[in-house]
Amino acid sequence: MLLPGMDGTGDLFAPLKEAMGPQAVIDIVRYPGRQPLGYGELEPLVRAQLPTQAPFVLLGESFSGPLAISIAASRPPGLLGLILCCSFARRPGPGLALMRAGLLDLSMHLLHSKLMRAPMRHLLLGRSASPRLSDMLEDSLRKVSVAVMTRRMKEVQRVDVRDKLSLVRVPAMYLQALQDRVVPGRAAMVIQQRLSMLHIVKLEGPHGLLQASPTASARAIENFCRDLPSISP
């Protein structure tokens with residue numbers, strides 16, 4: 001089960017889904033693009049979509065990492081493993097410093113402007129900003145209102161689920177992008193300090209790791225899932 005990044009559309013998982021092939025059973029959660037919901041309101045939305053008839057692995061990308069941690073900490077039936085990709089348990093800064101305080105609303109409006117399309121592509125996709133990925137990114141952002149993006153960024157600025165990490169009892173993996181300009185590398189170390197079982201896998205790529213490096217990401221996910229127990233604890 002895949003929980004999307006800040007855009008919340010789930011559309012940006014397409015490259016990963018293709019790389020994992022038709023044999024992979026993948027469910028994608030999609031967040032409302034016009035309702036400014038916070039983590040507390042999104043969590044029950046995600047929980048309502050958790051599989052009830054089959055075991056599953058939960059993946060939280062970027063923004064959704066805290067949601068995935070919170071859900072895994074409650075030990076839902078059938079959960080076999082937790083994967084976090086370029087994510088965090090508390091505000092990641094300083095990469096998001098310009099998004100703080102009074103600059104937040106202005107920053108979110110700028111992110112939706114034509115002037116920021118090229119910088120956004122570079123920030124999220126780096127050298128992997130192919131025409132296809134660039135179009136996918138722009139299309140996903142167009143589906144989400146400025147109010148929604150602003151609310152989600154405010155949530156990121158105050159989130160802290162570190163206390164829930166010690167409650168996670170399933171194997172966990174962190175996919176870390178070596179060229180991530182949004183979430184610093186120490187975010188993974190913060191998680192590992194309280195989740196000692198966390199396995200950190202470092203891959204070449206930007207913050208949009210699952211989009212820019214889908215094949216390497218898919219292989220890491222497959223290897224992780226292959227070693228999981230068949231029955232949740």
Failed item in (1) at pLDDT 85 or above; (2) surrounded by fewer than 19 Cβ atoms within 10 Å (Cβ to Cβ); (3) of a type outside the set (S, T, N, Q), with residue 117 passing the rest: (1)
Selection from the stretch 199-228 of residues that are more than 23 Å from residue 28 (Cα to Cα) and either free of Cβ contacts under 8 Å to residues at least 12 places away in the same chain or in a loop (DSSP other than H, G, I, E, B) (or both): 204
Identify the residue in the stretch 156-192 that is assigned to a loop (DSSP other than H, G, I, E, B) and among the charged types (D, E, K, R) and, among all such residues, is surrounded by the most Cβ atoms within 10 Å (Cβ to Cβ). 180
Collect the residues in the stretch 193-212 that are touching an Asp or Glu at 6+ places or on another chain (Cβ under 9 Å) and either surrounded by fewer than 19 Cβ atoms within 10 Å (Cβ to Cβ) or under 13 Å from residue 20 (Cβ atoms) (or both), keeping them in residue-number order. 194, 210
Does residue 164 satisfy the condition of being modelled with pLDDT of 90 or more and of a type in the set (Lys, Arg)? yes
Counted residues in the stretch 38-81 being within 12 Å of the chain's Cα centre (by Cα) and of a type outside the set (Phe, Trp, Tyr) come to 11
Contacts under 9 angstrom Cβ, first residue in the stretch 128-151 being among the charged types (D, E, K, R), partner in a helix (DSSP H, G or I), 6 or more apart: 132/15; 138/117; 138/120; 138/121; 139/11; 143/11
Residues being modelled with pLDDT under 95 and in contact with a Pro (Cβ under 8 Å, 6 or more places away or on another chain): count how many of those fall in the stretch 182-210. 4
In the stretch 38-92, how many residues are under 21 Å from residue 183 (Cβ atoms) and either part of a loop (DSSP other than H, G, I, E, B) or among the acidic types (Asp, Glu) (or both)? 9
Looking only at the stretch 166-201, how many residues end up being within 13 Å of residue 83 (Cα to Cα) and either in contact with a helix residue (DSSP H, G or I) (Cβ under 7 Å, 6 or more places away or on another chain) or among the β-branched types (Val, Ile, Thr) (or both)? 11
Tabulated pairs, the stretch 16-30, first under 16 Å from residue 3 (Cβ atoms), second among the aromatic types (Phe, Trp, Tyr) and surrounded by 13 or more Cβ atoms within 10 Å (Cβ to Cβ), C-beta under 8 angstrom, 6+ apart or interchain: 26/13; 27/56; 28/13
Residues of the stretch 202-218 being in contact with a helix residue (DSSP H, G or I) (Cβ under 8 Å, 6 or more places away or on another chain) and among the charged types (D, E, K, R), in sequence order, are 204
Identify the single condition in (1) buried (at least 19 other Cβ atoms within 10 Å of the Cβ); (2) of a type outside the set (Phe, Trp, Tyr); (3) farther than 26 Å from residue 90 by Cα that residue 220 does not satisfy, given that it satisfies every other one. (3)
Reported set for the stretch 1-19 where residues are surrounded by fewer than 20 Cβ atoms within 10 Å (Cβ to Cβ) and either part of a helix (DSSP H, G or I) or of a type in the set (Asp, Glu) (or both) is 11, 14, 17, 18, 19
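The values are calculated or read from the model by the stated rules, or taken from the named source; none is laboratory data. This structure is a prediction, so every number in the text was calculated from the model and none was measured. Heads up, the Cβs are rebuilt from the backbone with ideal geometry, glycines too, and the neighbour counts pull from every protein chain shown.
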